[in-house]
């Protein structure tokens, strides 16, 4: 009778150990699944769709200030090469075009490791002229040129310094900062190409008091 009781007492301990064992295995499996779904869902979003970006400097003031946290829409604007190390699996070409007035993020042509934010002023195939503090655009629809009204995003009284005339190729954009007096842009180093582009500013997430959708 005593022997049977001891056996009965041992069984619950054995069962508990098995439950703990299977519990740890289940936890590890859940971690693996979470990691797997992160790769499947989060990584493609980060690579192909959206990218965070911190504004550095004052070249886009007053519309974007130093320290602003932005979400950049990459969908169709960025040429993306997918691969690992030196192996390239496939390339996704850009299929969207920027519009005049878009605030965009791109790789600085003189140093691709740096990212700039500027505003699109002239589009591929156009001619842009900066003269006497004003900007003029020449294209097929306006062969005689037209004065670019930038009152929507430039503060009153802002003057665009420089004397620049540039004819853009079919894959080039002319970009400038909103803070024209303190912006290092296409007036100095020329246009950017579509391959330089990362995407268009979609959202300002920080500071919260100044959050906005563009």
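Residues considered: 98, 90. Of these, the only one that is at pLDDT 90 or above and either touching a strand residue (DSSP E or B) at 6+ places or on another chain (Cβ under 8 Å) or not in a loop (DSSP other than H, G, I, E, B) (or both) is 98.
Residues that are assigned to a helix (DSSP H, G or I) and farther than 15 Å from residue 134 by Cβ within the range 154-180 are absent altogether. Of all residues in the range 128-140, none are buried (at least 17 other Cβ atoms within 10 Å of the Cβ) and in a loop (DSSP other than H, G, I, E, B). Condition first: surrounded by fewer than 19 Cβ atoms within 10 Å (Cβ to Cβ) and either outside the structural domain of residue 123 (by TED's automatic domain parsing) or in a helix (DSSP H, G or I) (or both). Now tell me which residues in the range 181-199 satisfy that. Hits for the range 181-199 are 181, 182, 188, 189, 195. Take the conditions (1) in contact with a helix residue (DSSP H, G or I) (Cβ under 8 Å, 6 or more places away or on another chain); (2) modelled with pLDDT under 90; (3) loosely packed, with under 15 Cβ neighbours inside 10 Å; (4) closer than 23 Å to residue 172 by Cα; residue 110 misses just one of them, which is (2). Of the residues 48, 36, the single one that is in a helix (DSSP H, G or I), surrounded by 12 or more Cβ atoms within 10 Å (Cβ to Cβ) and modelled with pLDDT under 80 is 48. Selection over the range 150-162 of residues that are within 22 Å of residue 192 (Cα to Cα), surrounded by fewer than 16 Cβ atoms within 10 Å (Cβ to Cβ) and modelled with pLDDT of 90 or more gives a count of 2.
The values are calculated or read from the model by the stated rules, or taken from the named source; none is laboratory data. Because the structure is a prediction, the values reported are computed rather than measured. Cβ coordinates were reconstructed from backbone atoms using ideal geometry, including for glycine residues, and neighbour counts include every protein chain displayed.
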